[in-house]
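Please read the structure below before turning to the comments.
Any read-out appearing in this document is the output of simple, stated calculations on the displayed coordinates, not a laboratory observation. All of these numbers come straight from a predicted model, not from anything done at the bench. Positions of Cβ are generated from backbone atoms using ideal geometry, with glycine treated the same way; all protein chains shown enter the neighbour counts.
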Amino acid sequence: MKFTVLLIMVLFAGCSLFENEQLVPEELEGDWTWYRTVGGWGQVVDADTAGYTMTLKIYSQNEAHWFTNDSLVQKYTIREGDHDWNEGELVMYRQNYEGETDCGLLIQYKPKIRELQLPTALCTDSPTYYFSRK
């Protein structure tokens, strides 16, 4: 009887471990420095003339934090896309967002140039953010 109870407890614990499975590849973890924003309704904005800085920190726990001028402005949860056009891709969704729609940001990594591109996952006419390694 004790063995059965122990087995059931291990199975439930194991299931909860799989729910928190790490999706973020190791090469994406760490600090990324913003250098350009393109598209949407705005113009091209380059970091060297913007008058502010932005940093994205990606964590192995499927989270990301966005900083402007070293102040945390948004926390994100990273999960796989669940729509036809982003299925299987990593998408950042705002945590505790209370607006109508969270467009999410696709995580597109270009390893040859060590660039991270963040276009919108669900909305149109939104900018794409470009980050590089610090």
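Some observations on this one:
- In order along the range 36-45, phi translates into HN-Hα couplings of 6, 10, 9, x, x, 8, x, 9, 6, 10 Hz, rounded to whole numbers, per the Karplus curve 6.51 cos²θ - 1.76 cosθ + 1.60 with θ = phi - 60° and x for Gly and Pro.
- Using the Cβ of GLU87 as centre and a radius below 14 Å, the other residues enclosed give a net charge of -3, where K and R count +1 and D and E count -1.
- In this rough spin-label picture, where each label sits 7 Å from Cα along the Cβ direction, the GLU89-ASP48 distance is 2.9 nm.
- Other residues whose C-beta falls under 12 angstrom from the C-beta of PRO119 contribute a net charge of -2, scoring Lys and Arg +1 and Asp and Glu -1.
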